[in-house]
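Just below is one structure, and these are the notes that go with it.
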Amino acid sequence: MVKLYDQGAYLVNGTEIVEDTPKAQAEIAAKTGRQVSKEEAAKETIAYGILKEHNVSGNMERLNIKFDKLTSHDITFVGIIQTARASGLEKFPIPYVLTNCHNSLCAVGGTINEDDHVFGLTCAKKYGGVYVPPHQAVIHQFAREMLAGGGKMILGSDSHTRYGALGTMAMGEGGPELVKQLLNKTYDIKMPGVVGVYLDGEPMKGVGPQDVALAIIGATFANGYVNNKVMEFVGPGVNNLSADFRIGIDVMTTETTCLSSIWKTDEKIKEFYDIHGRTEDYKELNPGEVAYYDGMVYVDLGKVKPMIAMPFHPSNTYTIEEVNTNLKDILHEVEEKAKISLDGAVDYSLQDKIRGGKLYVEQGIIAGCAGGGFENICAAADILRGRYIGADEFTLSVYPASTPIYIELMRNGAAADLMDTGAVLKTAFCGPCFGAGDTPANDALSIRHTTRNFPNREGSKLQSGQIASVALMDARSIAATAANKGFLTPATDLDVEYKNPTYHFDKNIYANRVFDSHGVADPSVEIKFGPNIKDWPKMSALPENLLLKIVSEIHDPVTTTDELIPSGETSSYRSNPLGLAEFALSRKDPAYVGRAKEVQKAQKAIEEGTCPLEVLDELKPVMAKIRETYPCVGEGNLGIGSTIFAVKPGDGSAREQAASCQKVLGGWANIANEYATKRYRSNLINWGMLPFLTKEDHENLPFANGDYIFVPDVRKAVEEKASEIKAYVVGETLKEVTFYLGDLTDNEREIILKGCLINYYKG
């Protein structure tokens, strides 16, 4: 089904894979009649060409990227614009689209959500942007329909910013990276590796894009095969997939932890642009005659079966057939894995889902940027036509990804067919993906064609004894399960005639409702601020010496951004830095906020010119021990703050608040064995936090929660580009430990020294 090559590979004429062995050059010469070096062939990938066109550094090893367009949703755009305004924003220099698809339900926190929407509209007018009102489209569907273009690059403040199937290299990053683009700065990275994804064959009837995506994620996530690399989709199997099918695979590449994605394009992608009235934005993209990839993922589409990602990660994959055949054993495996993520906070079992020897689920959801596509919903309607979902616990909700898709479903009858079965159709909304809509009942199991199924995401509040489970599946098998009234069923078990109707895009829907400044700013417009929209608090520059208290210690294999700052109802406070910070780690370590605030008192005392020892008694013996060796420390040259340790933090969302909430609570650093994604590490840096790495095994750390760590001359170390940072755990002695900063650009070092991106741009 999926094979990973042990080393790099060449792709010859877009169809033949040649492994990178000593015989490779001779084999390539025999096929092409010429010699091609690995270095030359690496420049023949589609990814290399696009990155080169957007790189302004002149150095393809160190890229300074300028994007063509930007996009954000209503959980992120307020903070981004507030940061940019504080840094000198006058107008949006490139097209910037503000969608309203996350906080669409104005039901929590009074006027907060709608206040954010009004803020977005007035900013689009003032600075020259585009504003998409609530319920019109989810962020990524609007980008596909209206923004993508062949050979272009788009940066979005959402982790699933992926438009590679349409020939657009798109990246999801934390808000500060968009701020840099708004201020005419660049996105700075090393040249990423490029991994080929060779698609062969054709999917069997009933298999959908989520099935293929989950198969790839299951093969590549745990081993980091494509971590921070670009996935480039090639091979003859690409031509056998519709545009919607490719899009459905592409959006899920985020869950492999890759940096971005790009696909070869053809007439089917041209047709997509034609349908949307943007023929001029199509560009044919193919790798060169001989292209070299740093790895190769071979996917036999014909062998992919209906898949399910069991709780609590998209990589926890099985075939549905496996689950149904080995139900008790697999449920036990899931329960054992869950013990690590849930840390014993609740008694977790799925055994009660076995009814009559079959797996029963209480809820089905087809939604968002992954599931809400036209073809997915039409296929679900074909499966359910003439059937009904029953009147028991099982429910089915369907969220078309945009109003144009919804209208077409109404016009072709698919909407009526679905509603006849007992399904409910709702407007374009991302909420089911992150716990702000269709939250399952306690102990319920939901199957979803959405992007993620992390713990602490879709409604779980472990500290309140609430747990919900989500498994990811394709819309087709969700519909088959609905047809079977909630009993897990792969779509391949049903004999269905798929109509595959033609899609017609109604451009008037957006033309009549979306505000588009066409890049013209109107400085006379007054921005409307709701009472919850607050400025960022002042942040200090990195001090000469640093005293850190560990206030949370997390030993899970991976810590998601949902655990660092929960989604769901907290989203209403995303425009209030201090208000949102109250929720930091609330579902993972509820005591974190109180501990961090206690340490922050000392830093605030320093900033106010008073003695920190007077507000935090526990500092007295700590400082006494430090001054035995460093007698001058504390005389206006010390900063005091908090830090957390996590084994591998940052998987999941691009949300900058996973870092900024720690910062506004006095966080100065993270300590980790590894950072799960580049975007989380970038968020730490942009908020002036040190991304420390430790080589110590997490089960035998030389420090623990509650310990103080003294980092002398930390400012000097950053200034002098030291790779190793000497620090000391303060106890009866000063016990030396070594931290590592990893690779930092000059700009990143300066941001850390200044204390945050806002300070950096203020000068």
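Would you check which residues across the stretch 466-509 are closer than 15 Å to Val361 by Cα and of a type in the set (Val, Ile, Thr) and list them?
Residues satisfying the conditions are Ile467, Val470, Ile478, Thr481, Thr489.
Hey, does the stretch 716-724 have a residue that's closer than 18 Å to Lys597 by Cα and either without any contact (Cβ under 8 Å) to a residue 24 or more places away in the chain or not basic (Lys, Arg) (or both)?
no
Is the stretch 493-503 home to any residue that is surrounded by fewer than 20 Cβ atoms within 10 Å (Cβ to Cβ), more than 29 Å from the chain's Cα centre (by Cα) and not in a loop (DSSP other than H, G, I, E, B)?
yes
Which is in a helix (DSSP H, G or I) and among the hydrophobic types (A, V, I, L, M, F, W, C), of Ile17, Ile81, Ile75? Please lay out each step first, then the result.
Working: Ile17 fails: in a helix (DSSP H, G or I); Ile75 fails: in a helix (DSSP H, G or I).
Sole residue among the options that is in a helix (DSSP H, G or I) and among the hydrophobic types (A, V, I, L, M, F, W, C): Ile81.
Search the stretch 369-381 for residues being in contact with a strand residue (DSSP E or B) (Cβ under 8 Å, 6 or more places away or on another chain) and under 13 Å from Ile139 (Cβ atoms), and hand back the single one that is surrounded by the most Cβ atoms within 10 Å (Cβ to Cβ).
Residues of the stretch 369-381 that are in contact with a strand residue (DSSP E or B) (Cβ under 8 Å, 6 or more places away or on another chain), as a first pass: 370-372, 376-377, 380.
With under 13 Å from Ile139 (Cβ atoms) added as a condition, the list becomes 370, 372.
Values: Ala370: 33, Gly372: 30.
So, considering only residues that are in contact with a strand residue (DSSP E or B) (Cβ under 8 Å, 6 or more places away or on another chain) and under 13 Å from Ile139 (Cβ atoms), the one surrounded by the most Cβ atoms within 10 Å (Cβ to Cβ) is Ala370.
Would you mention how many residues in the stretch 690-721 are assigned to a loop (DSSP other than H, G, I, E, B), over 28 Å from the mean Cα position of the chain (by Cα) and of a type in the set (Asp, Glu)?
Matching residues across the stretch 690-721 total 3.
Filtering the stretch 177-200 down to residues that are touching an Asp or Glu at 6+ places or on another chain (Cβ under 6 Å) and not in a strand (DSSP E or B), which residue is nearest to Arg476 (Cα to Cα)?
Once the filter is applied, the top-ranked residue is Gly193.
Please indicate, with yes or no, whether at least one residue in the stretch 404-420 is buried (at least 19 other Cβ atoms within 10 Å of the Cβ), touching a helix residue (DSSP H, G or I) at 6+ places or on another chain (Cβ under 8 Å) and part of a loop (DSSP other than H, G, I, E, B).
no
Any idea how many residues of the stretch 333-377 are in a helix (DSSP H, G or I) and either touching an Asp or Glu at 6+ places or on another chain (Cβ under 9 Å) or modelled with pLDDT under 95 (or both)? Give the steps one after another, and end with the answer.
Going residue by residue through the stretch 333-377, those that are in a helix (DSSP H, G or I) are 333-342, 351-353, 368-371, 374-377.
Narrowing further to those that are either touching an Asp or Glu at 6+ places or on another chain (Cβ under 9 Å) or modelled with pLDDT under 95 (or both): 333-342, 351-353, 368-369, 371, 374-376.
So the count comes out to 19.
How many of the residues making up the stretch 536-578 are within 28 Å of Leu616 (Cα to Cα), of a type in the set (D, E, K, R) and assigned to a loop (DSSP other than H, G, I, E, B)?
Qualifying residue count, the stretch 536-578: 2.
What's the number of the condition Thr610 fails, among (1) of a type in the set (S, T, N, Q); (2) surrounded by fewer than 16 Cβ atoms within 10 Å (Cβ to Cβ); (3) modelled with pLDDT of 95 or more?
Every condition holds for Thr610 apart from (3).
Give me the residue from the stretch 201-223 that is part of a loop (DSSP other than H, G, I, E, B) and under 20 Å from the mean Cα position of the chain (by Cα) and, out of that set, surrounded by the fewest Cβ atoms within 10 Å (Cβ to Cβ).
Start the filter on the stretch 201-223 by keeping residues that are part of a loop (DSSP other than H, G, I, E, B), which leaves 201-208, 221-223.
Now narrow it down to the ones that are under 20 Å from the mean Cα position of the chain (by Cα): 221-223.
On the way: Phe221: 22, Ala222: 13, Asn223: 10.
The residue in question is Asn223.
Provide a single number: the residues in the stretch 421-450 that are of a type in the set (A, V, I, L, M, F, W, C), assigned to a loop (DSSP other than H, G, I, E, B) and within 16 Å of Pro566 (Cβ to Cβ).
Here is the first cut: in the stretch 421-450, the ones of a type in the set (A, V, I, L, M, F, W, C) are 423-425, 428-430, 433-434, 436, 441, 444-445, 447.
Retained after the next criterion (residues that are assigned to a loop (DSSP other than H, G, I, E, B)): 423, 428-430, 436, 441, 444.
Applying the additional criterion that residues be within 16 Å of Pro566 (Cβ to Cβ) yields 430, 436.
Qualifying residue count for the region: 2.
Test each condition in (1) in a helix (DSSP H, G or I); (2) in contact with a strand residue (DSSP E or B) (Cβ under 6 Å, 6 or more places away or on another chain) for Ala479 and report the one that comes out false.
With respect to (1) in a helix (DSSP H, G or I); (2) in contact with a strand residue (DSSP E or B) (Cβ under 6 Å, 6 or more places away or on another chain), Ala479 is out only on (2).
Those residues that are surrounded by fewer than 24 Cβ atoms within 10 Å (Cβ to Cβ), modelled with pLDDT of 95 or more and either in a strand (DSSP E or B) or touching a Phe, Trp or Tyr at 6+ places or on another chain (Cβ under 8 Å) (or both), I need them from the stretch 95-118; list them, please.
Within the stretch 95-118, none qualify.
Being out of contact with any strand residue (DSSP E or B) (no Cβ under 7 Å at 6 or more places or on another chain) and either crowded, with 19+ Cβ neighbours inside 10 Å or in contact (Cβ under 8 Å) with a residue 24 or more places away in the chain (or both) narrows it down to one residue among Gly79, Gly33, Gly14; which is it? Explain how you work it out, then say what you get.
Details: Gly33 fails: either crowded, with 19+ Cβ neighbours inside 10 Å or in contact (Cβ under 8 Å) with a residue 24 or more places away in the chain (or both); Gly14 fails: out of contact with any strand residue (DSSP E or B) (no Cβ under 7 Å at 6 or more places or on another chain).
Answer to the check: Gly79.
So Tyr630 fits all but one of (1) without any contact (Cβ under 8 Å) to a residue 60 or more places away in the chain; (2) surrounded by fewer than 21 Cβ atoms within 10 Å (Cβ to Cβ); what number is the exception?
The single condition Tyr630 does not satisfy is (1).
With respect to Val714, is the statement that it is surrounded by 17 or more Cβ atoms within 10 Å (Cβ to Cβ), under 16 Å from Leu690 (Cβ atoms) and either assigned by TED's automatic domain parsing to the domain that holds Glu674 or not aliphatic (A, V, I, L, M) (or both) true? Reasoning before the result, please.
Values: surrounded by 17 or more Cβ atoms within 10 Å (Cβ to Cβ): yes; under 16 Å from Leu690 (Cβ atoms): yes; either assigned by TED's automatic domain parsing to the domain that holds Glu674 or not aliphatic (A, V, I, L, M) (or both): yes.
In short, yes.
The values are calculated or read from the model by the stated rules, or taken from the named source; none is laboratory data. In this text the structure is predicted, and so the values were computed from the model without any measurement. With ideal geometry, Cβ positions are generated from the backbone for all residues, glycine too; neighbour counts draw on all protein chains shown.
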